[in-house]
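Written out below as structure tokens is the structure these notes cover.
Quick note: the coordinates plus some simple rules give every number you see, no bench work behind them. The structure displayed is predicted, hence computed values, not measured ones. Neighbour counts run over all protein chains shown; Cβ positions are idealised from the backbone, glycine included.
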Amino acid sequence: MTSEDPNTVGKASLFLGILSAAFVFGIGLCAVVGLQQGWLAVAGTPLYVCGASSAFLGLIGVVLGVVGLFGKGKRRAAAIAGLLLGFLGICLFIGVVSAVGGG
């Protein structure tokens, strides 16, 4: 193996990290708008479930990113990016829940 071998686990981490960050951002934006417009009580539970599921994708991305970092002879850039984006998705979820929930 050379240092140029693709890192499939790192790419999976990157993909899940992108999905997590994008979905949590969009769902969080809907939650904040719903809070401002007064309809969050109607759609709060589905938004929370979808946001938590998206944050869980970020958690899986973080785990895969860590695994991808330890592949011998593999590129690590995708694993690092997936790890960071997974953390971003999780942190966005926690931030939105704190902001919307008043905590």
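Condition (residue is of a type in the set (Gly, Ala, Ser) and outside any helix (DSSP H, G or I)) applied to the stretch 31-50: is it met by at least one residue? Yes, because at least one residue in the stretch 31-50 is of a type in the set (Gly, Ala, Ser) and outside any helix (DSSP H, G or I). With respect to the stated conditions, PHE56 is surrounded by fewer than 18 Cβ atoms within 10 Å (Cβ to Cβ) and of a type outside the set (Lys, Arg). Filtering the stretch 1-25 to residues that are in contact with a strand residue (DSSP E or B) (Cβ under 9 Å, 6 or more places away or on another chain), in a helix (DSSP H, G or I) and touching a residue at least 24 places away in the same chain (Cβ under 8 Å) leaves VAL9, GLY10. None of ALA43, ALA79, ALA55 is among the hydrophobic types (A, V, I, L, M, F, W, C) and more than 14 Å from the chain's Cα centre (by Cα) except ALA43.
The residues on offer are GLY51, GLY28, GLY68, GLY58, and the sole one that is touching a strand residue (DSSP E or B) at 6+ places or on another chain (Cβ under 9 Å), touching a residue at least 24 places away in the same chain (Cβ under 8 Å) and not acidic (Asp, Glu) is GLY68.
Residues in the stretch 67-76 include at least one that is of a type in the set (A, V, I, L, M, F, W, C), part of a loop (DSSP other than H, G, I, E, B) and over 18 Å from VAL96 (Cβ atoms).
Give the number of residues within the stretch 63-79 that are crowded, with 22+ Cβ neighbours inside 10 Å and of a type in the set (A, V, I, L, M). Final tally of qualifying residues: 3.
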